[in-house]
Ligand code: DX5
Ligand code: ZN
């Protein structure tokens, strides 16, 4: 495995990691954008896979994920925004993904799914919508590798940050220490320099970067990522 692939857990206490949300890339020039982000030192590629049911949108597919993995060695983090995530388990395992998350709201037997996905070597995370509480986490916290907190309703770029996520991150940190685990916390949705800083202060370790930070019209991705890396390193 590429050295970057093992770094997510190891680096949680040091530098926050940036996961570029590829649904926000120029989809007609996806390879160009991926190569530019790789040159600028991106940590992770975050890929939203939707089904048009769990969320009313379609973004990238697992076939595109397969092709992306042929052109980069940067770890790929697939965020399944789908109903019946169980149906995607064998594809996740076949693709040898570094990271995959599914929504607790959508899974019928989350523990079984976590174990089945992990059996394929993927690090598995649980994703929670902004209005989903942390009550169910004790049942899965010792089985998972990371947690993804949505800071907007899932499905669309360009939404407004839900401020209540900040105390939710802090509460999650406390919950984890009660269970003796220290898992990476990924936050997804409207991450800009200001919301990023607030998330990091509360304990987030991975920031999903979309239209609010690095994918901006008229700005090249290389400089945008470098600038954002600088801004969050001073948090
Ligand atoms: C929301 C997506 C995010 C989003 C991030 O459903 O998972 O990845 O695209 O981008 P912005 O910064 O536009 O919220
Ligand atoms: Zn996402």
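Just so you know, all these numbers are worked out from the coordinates, no wet-lab data involved. Note that the structure is predicted; figures quoted are calculated from it, not measured. Glycine gets a Cβ as well: all are built from the backbone with ideal geometry, and neighbour counts include every protein chain shown.
Data for the structure
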| item | result |
| --- | --- |
| Nitroxide proxy distance, nm - points 7 Å out along Cα→Cβ at residue 174 and residue 61 | 4.6 |
| Neighbour-count ranking [beta-carbon atoms within 10 angstrom, fewest first] of 199, 89, 131 | 131, 89, 199 |
| Under 11 Å from the residue 142 label point (7 Å along Cα→beta-carbon), backbone N, region 173-198 | 179-181 |
| Ellipticity estimate at 222 nm from DSSP helix runs (n ≥ 4, -39,500 (n - 2.57)) divided over the chain, nearest 500 | -9500 deg cm²/dmol |
| Extended-chain gain in nm, criterion 0.36 nm per residue less alpha-carbon gap, residue 219 and residue 94 | 41.4 nm |
